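Encoded as structure tokens, the structure appears first; notes follow it.
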Amino acid sequence: MCHENYTRALGHGPVVTAAGDGRIAGTVRDDLAQAAVIALTAPGHENAVHELTGPRAWGFDEFVALAAILGRPATPVEDAVRSALR
């Protein structure tokens, strides 16, 4: 998951999530792109599986707190349909 997917939502009302109390170890697109270039061009990555995540898992409670500090309030709204499929 990319941080940009959430940071763009700051200050624009509800943020729909099905994460519940789950945590996300997101990253930024530039880091994912750099890893893809290395995996596709450097030797030794053939048939390899790479799990790309951010350095730390965070929850939506932290996201809401950060949004408030930045003066761009966000309200997480649970997506009932997706939550029922968990």
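The values are calculated or read from the model by the stated rules, or taken from the named source; none is laboratory data. What you see is a predicted model, and the numbers here were worked out from it, not measured in a lab. Positions of Cβ are backbone-derived with ideal geometry, glycine not excepted, and every protein chain shown enters the neighbour counts.
Residues that are surrounded by fewer than 11 Cβ atoms within 10 Å (Cβ to Cβ) and touching a helix residue (DSSP H, G or I) at 6+ places or on another chain (Cβ under 7 Å) occur at least once in the range 50-57. If you take the residues in the range 38-49 that are hydrophobic (A, V, I, L, M, F, W, C) and surrounded by fewer than 10 Cβ atoms within 10 Å (Cβ to Cβ), which one is nearest to ARG23 (Cα to Cα)? Out of the qualifying residues, it is VAL49. Here the range 70-86 is the region considered, the condition is being out of contact with any helix residue (DSSP H, G or I) (no Cβ under 6 Å at 6 or more places or on another chain) and within 21 Å of LEU10 (Cα to Cα), and the residue that is modelled with the lowest pLDDT is ASP79.
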